[in-house]
Amino acid sequence: MVTIRGTTQLLGVIGYPIAHSLSPVMHNAAIAQLGVDGVYVPFPIAPENLQTAIAGLAAVGVQGFNVTIPHKQTIIPLLASMTPEAIAVGAVNTVWRTEEGWAGTNTDVLGFVAPLSDRPWAGKTAVVLGNGGAARAVVVGCAQLGMERICVVGRNADKLAAFLQSWQELPLAGVLSVHPWEELPSLLPAAQLVVNTTPIGMHPHPEQSPLSLTDFALLPQGAIAYDLIYTPRPTQFLNLASQTGAIALDGLEMLVQQGAAALERWLHRPVPVDTMRHALQHHLGLPS
Ligand code: NAP
């Protein structure tokens, strides 16, 4: 239990809507475990109130906050500084106070990379399904891992072209390519990693998967199938991947690790990642 005192420091998450956010569950579990005099609360902030709200959060002494839909990009002009990761992704999910004003980073990149960083990726190929916000963090993560090829697959040619054009800050020429869905059969045989960044397989259609058994059968031996979705667990995408012998990774660890990185940033100390993971699993009714 977090106890509120006169000295309690405020952390939180801004978004709209925000009631669905899982962040308060995992952050408050860690805060209680550490015995820190703080609390993490949801702030529902409508888009038209963003600027006023950010000034208000500064005025009432909020130490830091996470940022979720729809503010991840619109908050950028309101920040005094950004980390190279946030600049590369073009979106911010973690903000903290500095003397100059609010500073922002993107911990989704670190969260995505965390479960992959125990093996070498230099010279390898990744296939990324989808070209939305999460795909941007995945591309930056794959580049950080040293992937030789990052193939982004999407259903809308205009959005794919815009995605390819949007990387001013990262030297991705010759590494990043975009492809229509029909090209998957020629991409998968070279892919040591295939990442689902689409919402296909989420509630209310848990029976759906962006790839079929036939697609998974094209992957080389030892390939990893990584679904950013964390519930249902496993997704149909990961069910099918396992049936063909691929290694299955879901999005829960990314969620936990991006949260842990944010909390470390605010508290300037190591945080209990296991406590955060267990709190989420318990809340979602998932097996540990
Ligand atoms: P987003 O910006 O809306 O992007 C979704 C992408 O999926 C878009 O490229 C969209 O295509 C594509 N897509 C949607 N439905 C499709 C369909 N039926 N067929 C083919 N493509 C389809 O969403 P996001 O913020 O990137 O989030 C995507 C997923 O990642 C969500 O499930 C989210 O929960 C998950 N996520 C997980 C974590 C984590 O910590 N584990 C973090 C972030 C996101 P168009 O561009 O053509 O519309």
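Observations, loosely collected:
- Once the 1.4 Å probe is applied to the protein heavy atoms, the chain comes out at 46 Å² accessible per residue.
- Global form of the stretch 63-159, assessed from the alpha-carbon gyration tensor, a/c cut-off 1.5: oblate
- Highest mean packing first, where packing is the average number of other Cβ atoms within 10 Å per residue, the peptides 129-141, 52-64, 25-37 line up as 129-141, 25-37, 52-64.
- Exposure check, 1.4 Å probe, all protein chains in place: PHE43 carries approximately 40 Å² of accessible surface.
- For the stretch 92-169 versus the stretch 175-194, the gap between their alpha-carbon centres in whole angstrom: 16 Å
- Based on the Kirkwood approach, the hydrodynamic radius assigned to the chain is 19.8 Å, with every pair of different Cα atoms included.
- Candidates GLN192, GLN165, GLN243: whichever shows maximal mean-square fluctuation once the chain is modelled as a Gaussian network with Cα springs under 10 Å: GLN165
- Cα gyration tensor, the stretch 1-122 - rounded (a/c under 1.5), prolate or oblate: oblate
- Unit charges at the beta carbon, dipole of the stretch 206-288: most positive-side option, SER288, GLY259, PRO206: GLY259
- Bridge type composition, the chain - antiparallel percent by DSSP, nearest 5: 20 percent
- In a reduced charge model with +1 at each Lys and Arg Cβ and -1 at each Asp and Glu Cβ, the chain shows a dipole moment near 260 debye about its Cα centre.
- Per-peptide average of other Cβ atoms within 10 Å, ordering 83-89, 281-287 highest first: 83-89, 281-287
- For the chain, built as a Gaussian network whose Cα springs stay under 10 Å, the top-fluctuating residue of ALA114, ALA261, ALA173: ALA173
- If both residues of a DSSP beta bridge must be in the stretch 36-171, then about 55% of such bridges are antiparallel.
- The stretch 201-225 and the stretch 24-65: distance between their alpha carbon centers, rounded to Å: 37 Å
- Positive dipole terminus of the chain, leading residue within ASN196, HIS71, LEU129 (C-beta point charges): HIS71
- Exposure of LEU187 as accessible area (Å², to 10), given a probe of 1.4 Å and all protein chains: 10 Å²
- Of ILE69, ILE200, ILE229, the one that fluctuates the most in a GNM where the chain has Cα springs shorter than 10 Å: ILE69
- Surface/4 of the Cα convex hull for the stretch 176-288, nm²: 8.7 nm²
The values are calculated or read from the model by the stated rules, or taken from the named source; none is laboratory data. None of the values given here were measured: they were computed from a predicted structure. Ideal geometry is used to build each Cβ from the backbone, glycine not excepted, and the neighbour counts take in all protein chains shown. For accessibility, only protein heavy atoms count, side chains too; no ligands or nucleic acids. Shrake-Rupley method; radii C 1.70, N 1.55, O 1.52, S 1.80 Å.
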